[in-house]
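Reviewing the structure listed below.
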Amino acid sequence: MDDDSVVAPMMLISMPQLADPNFMRTVILLCEYGKEGAFGLVVNRPMAEPAHEVVRTDPEIDIRKDVHLFTGGPVEPMRAWVLTADASVDDDATEVADGVYLTASPSAVRRALQSPPEPRMRVVVGYAGWAPGQLVPVGADLIFDSAPDKMWDAAIQRLGADPAHLLGSPGVH
């Protein structure tokens, strides 16, 4: 991270009118923000297929059949990160929000793919990047304790908005 970047513990929440299938009803952890733009991970998009059906490694590793990936965004879908509440997962993990750590260490990714799934750990592939937008305070509880299909509603409510009132609002982006 350069001097112009700041770790940004914020969340971006898509508005109901956003029709882009990559970002419809997404909650994105903004991990880094600077004058060059933002780097974030969608945290409420679990993949339907288990990791062992979609991940190919070289050298090959034995991926647990009960591990699932999360789609972090449309950019670099072959790149993986581990998002976790456990700082000890990797010595180089960066705290991107209170109680939320991020690492791209290949050894941490391999361990996450080969270990029993942990409720407060996600293997995320791909990322999102853009200029600042809809920001909401982040918390480990929203990421790890909210069901993925309920996270968008919970994040919108943290903004002080009722999701039902947003659905009919024309022109909001």
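The values are calculated or read from the model by the stated rules, or taken from the named source; none is laboratory data. Because the structure is a prediction, the values reported are computed rather than measured. Backbone-built Cβ (ideal geometry, glycine too); neighbour counts: all protein chains shown. The accessibility values were calculated without ligands, DNA or RNA, using every heavy atom of the protein model including side chains. Shrake-Rupley method; radii C 1.70, N 1.55, O 1.52, S 1.80 Å.
Data overview
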item: Single residue of THR71, THR94 found to be farther than 21 Å from ILE13 by Cα, among the polar types (S, T, N, Q) and surrounded by 15 or more Cβ atoms within 10 Å (Cβ to Cβ); result: THR94
item: Whichever residue in region 91-110 is under 23 Å from LYS65 (Cα atoms) and free of Cβ contacts under 8 Å to residues at least 24 places away in the same chain and, among such residues, is farthest from the chain's Cα centre (by Cα); result: SER107
item: Some residue of region 50-63 being among the hydrophobic types (A, V, I, L, M, F, W, C), under 17 Å from ALA140 (Cα atoms) and touching a strand residue (DSSP E or B) at 6+ places or on another chain (Cβ under 9 Å); result: no
item: Verdict on PRO77 being open to solvent by 60 Å² or more (accessible area, probe 1.4 Å) and touching a His at 6+ places or on another chain (Cβ under 7 Å); result: no
item: Wholly enclosed strands (runs of 3 or more DSSP E) of region 45-159 bearing at least 1 residues in contact with a Cys (Cβ under 9 Å, 6 or more places away or on another chain); result: 75-84, 94-97, 100-103, 121-130
item: Residue within region 102-123 that is open to solvent by less than 60 Å² (accessible area, probe 1.4 Å), in contact with a Phe, Trp or Tyr (Cβ under 8 Å, 6 or more places away or on another chain), under 26 Å from MET24 (Cα atoms) and among the charged types (D, E, K, R) present; result: yes
